[in-house]
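*Asks:* Sharing a structure, written as structure tokens. Questions coming.
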Amino acid sequence: MAHYLSAKSFSELCDGAKRIKDDHYIARCPAHDDSSPSLNIQEAKDKLLLHCHAGCSVEQVCEAVGVSMKQLFTSSGDYVKPTYTDDERTFDKFMVAIFETEREKGLSYSERDEEIYVKSKLRLAQHGVLKDGRGLDQV
Ligand SMILES: [Zn+2]
């Protein structure tokens, strides 16, 4: 059973993501100033493979989107699902909604706001709140 982050979930954290197959996406690399999609995101048997054609390390890519390296690997049996409280979920949904509304209206936002947004969105994706490419990830 795969517990690692799916290619789709990871691609949602990056700009310009394109689906190649269900388990294979490409996106603009978040770790460098990427004008065309150089990041390959592919699910393997026991891990999520990330490869930046410009040479960013997996660590740099993970750090840029606030994902821990552990989340790329399946740990057999001992995986403990992080607790995610209703309060946290509400907060994350709230942050994502506000940020996306502001961005839609063309209001300016700070890097820090964007950071919180990305993290909230990631948590929602990890906990299955964002599903099937509907709703919140239409950005
Ligand atoms: Zn890169």
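The values are calculated or read from the model by the stated rules, or taken from the named source; none is laboratory data. This one's a predicted model, so the numbers in the text were calculated from it and none came from an experiment. Methodologically, a virtual Cβ is constructed for each residue, glycine included, from the backbone with ideal geometry; neighbour enumeration extends over all protein chains shown.
*Asks:* From the residues in region 17-36 that are loosely packed, with under 15 Cβ neighbours inside 10 Å and in a loop (DSSP other than H, G, I, E, B), which one is nearest to the ligand (Cβ to nearest atom)?
*Replies:* If we take residues in region 17-36 being loosely packed, with under 15 Cβ neighbours inside 10 Å and in a loop (DSSP other than H, G, I, E, B), then Asp33 is nearest to the ligand (Cβ to nearest atom).
*Asks:* Kindly provide the set of residues from region 37-46 that are surrounded by 15 or more Cβ atoms within 10 Å (Cβ to Cβ) and either more than 10 Å from the ligand (Cβ to nearest atom) or at pLDDT below 95 (or both), ordered by number.
*Replies:* Within region 37-46, Pro37, Asn40, Ile41, Gln42, Glu43 meet the criteria.
*Asks:* Same structure again: How about region 52-75: which of its residues are in a strand (DSSP E or B) and either touching a helix residue (DSSP H, G or I) at 6+ places or on another chain (Cβ under 6 Å) or modelled with pLDDT of 95 or more (or both)?
*Replies:* Step one: filter region 52-75 for residues in a strand (DSSP E or B), giving 52, 73.
Passing the criteria: only Cys52.
*Asks:* List the number of the failed condition for Pro82; all other conditions in (1) at pLDDT 85 or above; (2) over 16 Å from Leu13 (Cβ atoms) hold.
*Replies:* If we test Pro82 against (1) at pLDDT 85 or above; (2) over 16 Å from Leu13 (Cβ atoms), just (1) comes out false.
*Asks:* Also, I was wondering about something else. Select from region 29-66 the residues that are in contact (Cβ under 8 Å) with a residue 40 or more places away in the chain and of a type in the set (Gly, Ala, Ser) and list them in ascending order.
*Replies:* Residue satisfying the conditions is Gly66 alone.
*Asks:* Scan region 85-127 residue by residue and report those that are among the aliphatic types (A, V, I, L, M) and out of contact with any Ser or Thr (no Cβ under 6 Å at 6 or more places or on another chain). So that I can check it myself, show each step before the final result.
*Replies:* Residues of region 85-127 that are among the aliphatic types (A, V, I, L, M), as a first pass: 95-98, 107, 116, 118, 122, 124-125.
The answer is Ala97, Ile98, Leu107, Ile116, Val118, Leu122, Leu124.
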